[in-house]
Each structure stands twice: as structure tokens, then as C-alpha cells.
1. Look through region C:209-245, keep the residues that are touching a Lys or Arg at 6+ places or on another chain (Cβ under 8 Å) and within 14 Å of chain A (Cβ to nearest Cβ), and return whichever of them is surrounded by the most Cβ atoms within 10 Å (Cβ to Cβ).
2. Please return the ranges of helices (runs of 4 or more DSSP H) entirely within region D:201-314 where 1 or more residues are more than 9 Å from chain C (Cβ to nearest Cβ) and over 19 Å from the mean Cα position of the chain (by Cα).
3. Residues C:Ala270, C:Ala315: which one is farther than 30 Å from C:Phe122 by Cα, touching a residue at least 60 places away in the same chain (Cβ under 8 Å) and away from chain A (no Cβ under 14 Å)?
4. Taking B:Gly213 as meeting all but one of (1) over 28 Å from the mean Cα position of the chain (by Cα); (2) modelled with pLDDT of 90 or more, write down the number of the exception.
5. Quick one: B:Pro147 ticks every box in (1) in contact with a strand residue (DSSP E or B) (Cβ under 6 Å, 6 or more places away or on another chain); (2) surrounded by fewer than 24 Cβ atoms within 10 Å (Cβ to Cβ) except a single one, so which number is it?
6. Residues to consider are A:Ala326, A:Ala339; find the one that is in contact (Cβ under 8 Å) with a residue 12 or more places away in the chain, in a strand (DSSP E or B) and either in the same structural domain as A:Val484 (by TED's automatic domain parsing) or among the aliphatic types (A, V, I, L, M) (or both).
7. So is B:Thr78 surrounded by fewer than 20 Cβ atoms within 10 Å (Cβ to Cβ) and out of contact with any Gly (no Cβ under 6 Å at 6 or more places or on another chain) or not?
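The values are calculated or read from the model by the stated rules, or taken from the named source; none is laboratory data. Keep in mind that this is a model prediction, so the values were computed, not measured. Cβ atoms come from the backbone with ideal geometry, glycine included; neighbour counts cover every protein chain shown.
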Amino acid sequence: MNGDGADSVLLRARGVTKRFPGVVANDDITLEVHRARVHCLLGENGAGKSTLADLFYGVHEPDEGAIELRGEPIHMVSPRDAIAAGIGMVRQHFELVTPMSVLENVVIGTRGEAKVDLRAARGRLGELCDLYGVEVDLDTPVGDLAVGQQQWVEILKALYLGCEVLILDEPTAVLTPEGIERLFATLRRMASEGLTIVLITHKLHEVMEISDDVTVLRRGRVVRTSLTSEVTMADLTRMMVGRDVDLAIDVVEAPRGDLVLDVSGLDVATESGRGSLKQVSLQVHEREILGIAGVSGNGQDALFDVLVGMKPADAGRILVDAKDIAELSPAGRLEIGIASVPADRIHQGLMMDFRISENLILGRQRSDRFGRRGWLNQKGIGEFADDSFAAFDIAAPSPAHVTRVLSGGNLQKIVMARELAGQPRLLVVHQPTRGLDIGATEYVRRRLVEERDQGAAILLISEDLDELLNLSSRIAVMFDGRIVGEVDRRDATVDRIGMWMAGVSGAPGEALA
Amino acid sequence: MMRLTIRLLATVLAFSTVLVACGDDEPEPAAAPEPAEAPATTADPEPAPAEEAPEPATSEDPTSIHIAVIFGNTADDTWSTSMLGALNRVTAEAPYDLDITYEYFENISYADGERVLRQTAETGEFDMIIAHSTYSDSIYAIRDDFPEILWSFTGSGNEGRGGNGYWLDVLPHEAAYLAGIAAGHLSETGMIGSVAAFPFPNVNGPVNGFFAGARSVNPDIETRVTYIESWFDPAAAQEAGAALIEEGADSLYAASTFGTFQAALEADRVFTIGDLDDQEALAPEVVITSVLILWDPGLRVLIDEWWAHETAGEPYDAPTERIQFYMAEGGADIAPLNEALVPADVIAEVNAARDQIMNGELVVEFNPGDVG
Amino acid sequence: MNTDVPTTPGASSGSLLRRTGWRLERRLEVKPWHEVVTLVGAFIVGLAICSILIAASDKSVVDSYRALFDGAFGSRRAVYETLVQATPLIFTGLAAAFAFRARVWNIGGEGQFFAGAMGAFFVSDLWHAHLPRGVMVPVLFIAAAAAGALWASIAGLLKARYDTNEIITTVMLNFIILLILSYLLGDLWRSPDTFYFQTVTLPESAHLPLMIDGSRLHWGFGIAVAVAVVVHVVLRRTALGYEVRGVGINRTAGSYKGISVPRVTVLVMAISGALAGLAGAAEFSGIHHRLQLDISNNFGFVGIIIALIGRLHPAGVVVSAIAFGALVNGAVTMQIQTGIPAALVDVIQGLSLIFVLTGAVAVRYRLQRTRSDE
Amino acid sequence: MSDVLEALINVGVLASAIRIATPLLLAALGEMVTERAGILNLGIEGTITVSAFGSFVVADKADSLWLGVLSGVGAGILLSLLMAVLVSSIKVEQVVAGLALNLFGIGMAFYLFRAFYPQTGGEMPRSDTFDYAEIPLLSDIPAVGEVVFSQHWLTYAAILSCPVLWWTLNRTQFGLELRSVGNNPAACDMRGINVTGMQYLALAFGGLMAGLAGAFLSVFLSGLFFVDVAAGRGWIALAIVIFGNWRIGRILAGALFFGYLDAYQLSLQARGVEVPHQLLLALPFVLTIAALVVNRRRSHEPLHLGVPYFRGER
């Protein structure tokens, strides 16, 4: 418990600054991580946590300042140096070679052995699995594993190399509440056996639950490091956000209108079988937000894709305003007023090398407003861009600039401006505030509510329970490709939804058919 | 950006037209070589006037000629080496006591032919430009711009149009016939073959001659031909030769190709006959002789024509027919037979037949049709 | 092949460089002057190395470059010839640039060039006796574009339907069409009155008219520049061009927003093939007037290089095609006048390319000191 | 017709097929390894040419065939390392870099050839060649001995390299890492593997194998160097890699099959059978396209093939 002794400091950042073009990701960061403790790095998205982790792992080098290990400055230019020094990391986006087996993935990069002694490796790995209660088939290609299991493969990779410090970047995003519990239990056990753990998260309750120490980051700076036992959640919130916030939006609900989206018996298979949809049925009405909760990887992607026309349904019906849209292409669905905000705005929503004005018309480049007989209407496009800039308060030098230069929040504003422009009948939204700062989050949520009030039917898929509880009229929960429960917001509680998210079905009558 | 692009494109166009327009004021450069021609040919100070041959030359007469040769392939292929060999011999002969110098440009693609020929001519350095007949179209397209240059193309060609464009050809089918006699005698399997480049008349002619020669001593002999569709691909020629050997051929004539000797080297008792240039030294173990093409008489004619033009000032007047040379006229021959491989009586028989061809007693038909 | 990896700003560097305390950083925006400076720099380095090679073969560097320049621009005719040389390269360069804009890797320009020439020959053979020049020449070009488009569409359709790697299919199609042409030239299409594998000569009525009488500069050059303008307008001002660029930047986002990537892929391949086919028609009807296996001097492959040096921009393609034409054209004069071996000319071309390519990448980065305290 | 069928299993055709297949196999194996590391090298044609020259000139001037092979391999590796600098360090587009390398390599080889061997009208320079290495006893087996055991030692080496390569790729740490680099360089980087270094090694190996292919063409087959010595074999090797779906066994089969088709068409001509042989020659290319379509479900194409890797970008 004595975290103050200088000799117990294992890892230290001393005045570390890291700049990227246009941003200072880490600004003069100093912090100490003590041996055999769980240290949380807490902060909003964009606070600089992942960059700091990358600096600890040699992915990037600090522009100023130094990383110290066991009191000695260590100069790392590559993860190889970090591995050699005994640092392991599990990144938020997994680094797995999907066509290869678990065993092979673990063995990759183990130094000094010419021949892969797969038998020995299998033995050692088996011991590790037993020790921490990990159940995974070592010969399965990792591409076929569930996301939660893939994370265990990543952890095994780090442990296999015998690391002293294990850095985990947002490990709980892909886990069920039950999985989180197991992970935390394992981490505590590892810490008790002498492993030092740095856990990056933006979830307060996780900090409170697992950590010994916590460092709060905001806008690339350290706000404070303290013993977890000495702070409250309210303190942490204030430090994280810089003010007292209540993201809850006052929702005055108008009565819902006609049925817009009527999905029944939907089956969508995926190649690996993961994330498929099984017999999904749901309805969304005018002036209503249906929230879809669930741990990621339980079919949300497939649901989004099948609604916007990126994936065909294997069975079931999708009716919009009582018309079957199964045969409609994504373009056709845009035309009848189905707008969508994808989860990954950079990969699925935007052309980063387009001009901003061009991104604003993506999908409607052949509409009457922006073109005629195949020609683009430059004037129309320009006017629309100016309107959007004004209406959505987009911070960019001009619509003629390349989209790449924008920040995350402004990127999402462009997506929103584009999708909301046509007064959509149905709006399918997937993780609309992921990675946004508080201001942008607030803004996006408010626009969604406004849109609902103007009569749109909104399907909101999110992994952020607070967001769902705050915005939705009703919440349905997906688990393993099924809707396992649905509840009116007024009756929703975190416990109940959490149970469903973990795959425990609700009592009969609670889940709507 | 749009405007920038259009401006850029406009600039490019303007730039091109300006460059073009600038040139408009200048005298047509194509015509320029004419006055430049005389100094270019007489400028060479090295051969001192004192050394000049007495007989036809006046002090006005040229003492040197500079020749350019354009090769489509590299200068190593047998067509090229046969031409270089002839140039070397004619240079040594020094007709009219001329100091003959030549330069060659190799590996010039067909697509570049016209441009390269023109640029060669435009240097004003060359009195005569010789190219393979694959460039005959190109020569006719530009030769009128260079009336002082003697143009020549060598080989099968497309058509002759006279003027300053001379069409040279040589006919090696008689020499191939002689090689066929040797092959016919040497064959134990009763089959001979030829690895040929393309089924073109000037390839088929010698191949037919070769087979006819063999049949003249062994009427039952079987004949096979394989085309490799390349003038110069030793690896393909080798494999084609191997396939023929496998079929039972034990003498291979490399018609306008190169590399069959390698196949013969790797087989038991298989002989090969080189083509265009003497190849015995390459593989004396298997090459019994080579069918030679000799450009010497053709080159002499060209130099005569050029001399007449230079000294008498007569315009060039090439025949529209090809100027071709049979064996008796020195356009082709058979290389001395390999005494280590060919029995003396066969050598004697071949030499006798050669004499007969030379004095006209034996006529070998030129058969450019399909090989049978 | 996964060619659909969108790139976001971030650091990149090899560790060797990093150990020196510097790193490369991707520029957010590349300004035109960056490109110009880098290209000029690359050009100078390339020139320097070539100078060493020239000096090593005992030739005067100054004379050589003077001959090179004279050969390329020294006279009116030299300029025409440079433009003649540039003409097919503009077409094939545009073909590659258009496809690459959509990240469709059409390496089949060479085959599509021949497909175009074959299409042109086919119609000229069919109709030449009956059509006046004013009709015949446009018909030739249309046929060439159609044939090039058709041939390229095989790769486009296979990619759209089966997601086959178009680099491979287009390379294979190059070989296949050359063998088909070889077969036809040896058989059905072979001119009865010549010895070689070649067709009959085109009648005058099918010759592309000259832009400048007495030169070889035919209207193919004018058409090529016009087509470059059209390609630019299509890319910039039409919905199709928008979609083509979009598919090139991020095909996932494109398909989420209703752009049919397979459809665009097939269209792009077809248009790219048509452009390369036009090159075949221009060379066939403007220069050679008969079909032969050797009428392309690697124009299809060089077009790819032209496109990349021209930064996939039609104006850049035109400029770099003319520059390349000048290099090729001037190189012959250099060879003839100074006796530099032909092979060295190829080496010089290869080297300049390597440096220009390097420069084209380098322009996207800037060198940044990583540690101010060292 | 019987000729057509008989030629199919003719001993000479089979022996010839193996001989034709040898350089294709060598180059294809090298390219496969290169591609497994994520680099698409279109410059094999140039590499083969450079190596053929390197082998020839040293074999001829130093009068040692073994030195010749060695220097050919060295030349191949050098050119491939230039490719590595371009694509792996500078990250030039791989397709263009390969094309530029062909231009440069072939030009350089021919330039140096002329520097060493000015042609003034004499014969083509020719070096010695290796003799066939007939394996005692085995080569006496009827038919099989002639087809399989009377080839060049490099042919045996090429075929034996298949199991060795298989073992290296699938049973060693190095092989595992190499395959990983082509599939997910970021994962490897995070694991401390030097991605650039692996790609350099893979390209060097590709250069070594293309170098052997070049040496085979010059100092084994003909003892000659000429500018078109590669004659499209680099491209066919590329096709074989795809035809073989990046699998060693199938690449071996593919190389033999492509060699076989060529030998077969020559044999048919030698038998006087009239076939449009162009169509037979086109068959390998058509089949490669077909293989691409057929294999698409179980493709072993490296996931990151042809894509430059930048740390920190995804």
C-alpha cells in the first residue's frame, strides 16, 4: 500500500511532450507507476491516453521529456525496445494476424529461437491459460474467435513474453459485464503476483472498481494523480471534464407517430459466424428513438449494415412505411429517406481526401439538387456547404479544404449535416459520439433529439449505456445476434440491461416478441 | 483547381505552339543538311591528299564515306554480325581508295524506326544509311528529305520504289541445299529438322533448300520444322531443337535462329548447321557447317552508286526491283565443312555440288512457300 | 490485395532514421510548390548520377546534355517529334491515371493499346473502301476505344464479380492479346504481299490527318490533349468523376453512401481501356498505317509511370508525357551525336524514374526533429 | 491425333518441361517469399536479366562457372535491395517501382555487357556451361532416369528447395514472422519485429532466387547473354505464384505445368502437327486468371500485399 516510496516506482514519464501535425497529444506529462499496482489512466477520448501508452511502448518517441524504467531513462524507438525492457501492451485495436492460429500469434516475435518449438510453446501457454483461467482453443485461427477471446489472445501474447508492466488500452469495450468482471479479477490476481498494470479507460466506475492509483488526463495534460481510495467519482468527473457536467438532455417526449421501420424475423449470416443476426424483430415509429444496447460484436454491425443495404438479409422482412426494402441498394434506400451515421466515421462515413464540400453531398451527388444529367452543380454544392457550415457550426477554414485537416468532432458534424439535410424519414445511427469530446457529444445528442422532434424515426445503436438511457424512448438489448430484451426507458435500469447484455434473458413478458 | 488545370493545359498547348512557331522562322532544318553535306563528307582531314589513289580520283573526289547501320535487334544477333562482317571486309578492300567508316545503332524498336532514321540523317554525318528491311516503310517516308544520302534496306522488305532507296537481298537457299547434302549423308535416323524463326518466305526458302539438298542424296528422308516466333531467342531455339531431336531428327538447321547447337551438344550424335554467320567456333563438337549470307557484293554496289552520285553528280536511281545476289554472285556461301565431323567423301561431294552451282550446272529452285 | 487502406495523419519512420533523432512526418496538405520543389530536386539528383555514368563512359557530360536538349527541342522538327513521341504516352498515361484515381490498378495498358489498334484495323479492313476520310477516321477511333474498353472490361468484370486482383489479370491479358494478335497476323490478317507478320497498309482515307504538314505530328496529339481536358472535366465536374475519385479514396464509405463500387470498377476499367485503345488507334492510323507486333514501344507500361509522375492529374500526365517524349527523343540524338550506347539511355531513363518516384513520395513528408534536447 | 496424345507423355517432352520449368520455379519461389512479406515485386524480369549478365560475365572472364553463379546471385540480390530501399524504406508505389526496376536493370545489364563485349562483327561471346548432373544409378532407370535424374544440379536444387522452404516458412520462427509481416505488419511491429528488415530479407531472398533463375538461363542453358534473356519469364513466375495460390506445392506443380505446356507445343510442332501454337502458349495466362477466380474463397494471398506499411497509420 505504500505507493510513495521512490524505489517502488517502476515506470515514470518525466515531462513528456508529443506533438502530431496540428495537435499536441501529450503536453508535459509527468507521472509515476508503482510496482505491482493497478494504475488507471482516466480521461475522455482525445485526452491523450493512447498516445501516452504508445510512448510507453516505443511506438512513438516523445518530442520532449523522457520515459524512465526502474529509475533509468530508457530510449525506445520501437516496441522491440519496450518488449526487451519488460513492457507489454494490449492496444485498443487488436494487432492480430487473423489467418494464423492462437498459438502462432502468441509465438510471433519471441526472440532468439530459430525453430518454433510449438510443443514447448503450447505447454507454456497452457500453463498461462490454466493460471488465469483463460479458455481458448490454441489452434483456431484468431480471425474466427470472438472479440472478447481475441483480447485474451492479446493478453496472452504480452504475458508469454514475460512482461513486468502490462498496459491495457480500453480493454472493457469489447466485453460483457461478466467478462469485465473476470478480466478485473484476473488483473487483480496478476497484480498480487507482482505484475504492474496500467489500465486505460474512460469509464469512472471501472477506475473505482479496480485501480490502486489513478491519473486523470485532460487535453493532453495531467490533471492529477492520486490514490483511488482518496477520490470520489464526482471528483474524477470534474477533473476529467473540467467542469461539472450533466450530459442528460431534458427530453420532453411528444407522442410517437406512425410506424416507420418494421423489422421482423431478420437473419443475417456472417462468414465467421461472429456478429450475425438471428431472428431480429424491432419497430421504430415517428418521433421515437429506439436504442440498441449491447456489448460490441453481438450483431450491431450486421444490424446497421442490413438496414442501410450493405448486407443482404438471409431471412426476414424489413419494411419502411409498410414497403419492403429488401431489394433496395444503399442508393435506393437513401432515396426513400433512410439516412445513416456509421460507427467508424473515418472509414465508413467520409472521404478524408475529398474537399469538405464534396463530403457534404456524398450519396446525393446524382440528386437534382447537386447535379443535372450527370454533371455536378458546383453552385448548389457551394451553397449547401455554406449552409451546413452555418447550421452545424463546423470549424474549418473553408468548405474547399481537404477533409483530412478536421478534428473528430467536426468530422462528425459533417456526417450529421449531410445525413440530416434531407429531412430523413428513418435515421440509423451507430455509436454517434464515440471518440468525441464532451462539447461535440452534447451537440450531436441534441441534434438527434431535435431530429426526433421533427418527426424522424431514429434507431440508435450504442455501446454507451448512459447515452441510451438518456436519449432513447425504448431500449432493446442485443446479445449474440438476438434481441434478448426490450424495455421502455422509464422502466429501464442499468442492472436489468446489464443482465440482458450478459446474455441472461429477462423474465417472460419483459422481452417483447 | 479546375481553373488551374485548364490554365496548365493551356500553357502546355501554348508552349507547344510557341516552340512550333519559333521554328517557323527558321529554315526548314530538314533541308539544312544539303549545304552541310559537302563539308561533312570532306571535312575529315585525316587521310592526307598525298595518299590519294591516282586512278579515278580528282582532288574534288571524296576520300571517305561514313555509313550508319540501324539494327532492330542487338548487334550480336547473326543478321547483325553478318552485316558487320561484310562491312569490315569491304572496309579492308577500300574501293576507290575510300576511307570507309561506319557506326551502328542497335536494339532500335520498330516503333522508333522512322524517328531514329531521321535523327541519324539529320546529324549530317552519314553518307549512307543501311537498315533492316523492316524499316523500309520508314525509309520511304523520309528519304525524300535527304536526297544526298544513299538509303538502303536489306532483307525481304515490302516493296521497292527506286530513287535513293536501295533494296538489297541475298539468297542463301543454295548454300542451305549444300548443307542439306551433308546432313542427308550424315543422318542415321532418317530424319532431319530445322528450327526456324518465322514462317516467312525468306526463312522458308533456305529451309526448303536444306531439305531439298538432303532429299537429293536420300529421297526417303523425313523432314520437320519448328518455328519459335523470334529472330533471337536461344533458349527457345534450344528447347525446340531438343523437341526435334526427341522426335528423331539428327541434323538441325538453325534457320534465322540461334541456339540449336546447345540442344545438339546435349544429345548423342546430333549435328547442327548454323545460319547467316559462321558458327562453327561456338560449338565445334556439333556444328558441321554454316549457311552464310554475304552482303559484300551488295555493299560494293551501294558504294559504286554512291561514288557515281558523288563524282558525276547524277541523282540516285535505284531499281524498283530488289538487288539480290545468288551464291554464284557472292551473296551466300557455305562455310568450310567441319572435317572432324564430316567424312572426306561427303565434303568432296558437297564441294562438287558447290562448284556446279557456281558454274550454273546445278540449279536450286528458290521455294519460299510452305515447308514440305 | 488490400489496396483500400485509408491513411490518416500520423508519424511514420524507419527506426534507423529515428535513432538519429529525426522523424518523417506526413504533411496534412501537399501544396503545389512542395511538389515542384521536390520534383526539381529529384531531377537534379537524377541528372547528377546520370552525369557520373556518362563521364564514366568517357563522354562529355555537357555535350551529351546539349545533344539531348537539341534532340528534344532544338529545332521545329525536334519539337514535333517530341510531341509525336508524347502522343501515345498521353493516352496511356491518362488511361492509367483514370484507373488509379479509383485505385483500380490497370497494368494492362499495353494489351489495351493493342486491342485498340486491332479494333481500328478491323473496321478499317471492313469498311475502308466505302467510307470517306471524314467518317473513316472517327470510326477508327471509336472502334479502337470500344475494343480497348472491351478488353479491359474482362479484368473489370472479374474484379467486380469475383474480386480478382486486377494487377494480375491485366498483366495476363497483355500476354494473351499479344499471342492472339500474333496468331491473327500470321494467319487471317496477314498481308498477302509482304513477308512479315503484318497487315496491309491503311488506305489514305484512314490516315489520321497531320497537324503540321511535312512533319509526323498528326492530329493524335491534338486529340490527346483534348481528351486530357475531357478526362479532367469528367473527374472534377461530373457525378461519375466524383464517384471514381470517391471509390479511390475510400470505397467502404462510398458503398455505405450508395456508390456501387463494382459498377464504378467496371466503368473505370472500361474507360481506362478505351483511353489506352485510343493510343493504339493514334499510332496505327497516325504513324505506322499498318498493324505489326512491334508498334508499341512499351507505351502501356510507360503510361503507368507517366501517370504516377503526373500525380494522376490529367495536366500532370500531359506535362510528364511531353517530358518523357523529350527524353526519349533527345536520347537518340545524344546517342548518335556523342556515341553514348543505347543501353545507357535506358539506364538514364530508369534512374530518372526512380528519383522522380522517390521525390513524389518524399513530397508527402517533411523531416522533423524528434527530440529538441538532443 | 495419336501424335497429339503421344506427345503428352513423351520422355523428351517431360525432360524438356522440367528444364523449362527450372528458372520459372526458382523465380516463382523467390517471388512467393517476397509476396509473403507483403511486397509485390514486378521487377523480376529485370532481376533475372541482371543476374544472367552477372553470371555470364564472371563465368566467362574469371573462367569459373561457380563464381559466375555466385556473382549472378549477388547481382540479383543487389537489384532487389534497391527495390527494398524504394518500397520498404521510401515507400514508393510497389507496382511502379517494379516497372522502373525492370527498365533500369535491363538497361544496366545491356550497358555493361556492351562495355565488356563491344560487338565489331565477330561471334557472340559464349561462356562454358555446366554439364548435366546425371545422378549415378538413378539416371539409369528407364524413362524416369532420363526425365528426372539427368538434369542440371540447379534443377535438383530448385526442387529440393521446395521442402526446405516449406519447412522454413511453416516450422521456424523466421518463417512464421515472415508470413505475419505480409498479413499484418502492424501486429508484427507491435511485437518488436522489424518489419522493414523482414521485407529487406524477403526481397533479398527473392533476388537470390531470381538470380539463380538468371544464372540458369545463361551459364547452365546457353552460355550466352543477350538483352532479352528473360523473355517474359519474370512475368510468368509472377503468374505461377498466383496460380499456385502462394502455396509451395502448387507453385512447384504450376511451374512444371507451365513448362510442360511450352515443351508440349514445341513437341507437337516437331511432330508436324498443325496447331495454332499461340493458343497453347496463351493457355498458362488464361489458366492463371481462372485460378484467381477459382481460388477466391480459399485464397492465401497475403492480406497486406502491395500496401506500404506506415507505423501509426491504419
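1. Selected residue: C:Val244.
2. Numbers: elements: D:233-243, D:248-270, D:277-294.
Filter on region D:201-314 gives D:248-270, D:277-294.
3. Numbers: C:Ala270 fails: farther than 30 Å from C:Phe122 by Cα.
The match here is C:Ala315.
4. (1)
5. Result: B:Pro147 fails condition (1) only.
6. Values: A:Ala326 fails: in a strand (DSSP E or B).
Being in contact (Cβ under 8 Å) with a residue 12 or more places away in the chain, in a strand (DSSP E or B) and either in the same structural domain as A:Val484 (by TED's automatic domain parsing) or among the aliphatic types (A, V, I, L, M) (or both) holds for just one of A:Ala326, A:Ala339, which is A:Ala339.
7. On the way: surrounded by fewer than 20 Cβ atoms within 10 Å (Cβ to Cβ): no; out of contact with any Gly (no Cβ under 6 Å at 6 or more places or on another chain): yes.
No.
Each row is one residue, and each column tells you yes or no for (1) touching a strand residue (DSSP E or B) at 6+ places or on another chain (Cβ under 7 Å); (2) closer than 28 Å to A:Leu96 by Cβ; (3) assigned to a loop (DSSP other than H, G, I, E, B); (4) without any contact (Cβ under 8 Å) to a residue 12 or more places away in the chain.
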{"position": "A:Val153", "(1), (2), (3), (4)": "no, yes, no, no"}
{"position": "A:Leu168", "(1), (2), (3), (4)": "yes, yes, no, no"}
{"position": "A:Arg182", "(1), (2), (3), (4)": "no, yes, no, no"}
{"position": "A:Ala185", "(1), (2), (3), (4)": "no, yes, no, yes"}
{"position": "A:Glu209", "(1), (2), (3), (4)": "no, yes, no, no"}
{"position": "A:Leu217", "(1), (2), (3), (4)": "yes, yes, no, no"}
